[in-house]
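Novice: Dropping the structure in here first, questions after.
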């Protein structure tokens, strides 16, 4: 995940591996939804997790956490949610 600085520089945020990464992504999504104005977009990458999210037989912690995050965002009344199968999955959350 990247954030844009006022200087035009891009700062890398996250990059941790394992369950912490998903925990960070969940907190990032929640915090971003609080901060973004109506009509703004929150983008989350790697939400298909190498296709594991769509494979019901896979039940490792990372995959289960990403499924839960996707389910949470689909049901979140604050956003219009779209999941694009680009790369490893890109979630678009437009704040209503």
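Novice: With a 10 Å radius around each residue's Cβ, average the other Cβ atoms per peptide and rank 60-71, 80-91, highest first.
Specialist: Values: 60-71: 16.3, 80-91: 14.2.
Ranking the peptides 60-71, 80-91 by packing returns 60-71, 80-91.
Novice: Each label point is 7 Å from the Cα along the Cα-to-Cβ direction; what then is the distance between the points at residue 72 and residue 94, in nm?
Specialist: The two pseudo-label positions are separated by 2.3 nm.
Novice: For the stretch 17-95, what's the relative contact order in percent, using C-alpha pairs closer than 8 Å and at least 6 residues apart?
Specialist: On the way: 98 pairs, mean separation 30.3, N = 79.
Value for the stretch 17-95: 38 percent.
Novice: Which of rounded, prolate or oblate describes the stretch 17-95 when judged by the alpha-carbon gyration tensor and an a/c cut-off of 1.5? Walk me through the numbers before you get to the answer.
Specialist: Values: a/c = 2.02, a/b = 1.63, b/c = 1.24.
Prolate shape, in that a/c is at least 1.5 and a/b is the bigger ratio.
None of the figures in this text is laboratory data; all of them are computed from the coordinates on show. As the structure is a prediction and not an experimental result, all values here were calculated from the model. Cβ atoms come from the backbone with ideal geometry, glycine included; neighbour counts cover every protein chain shown.
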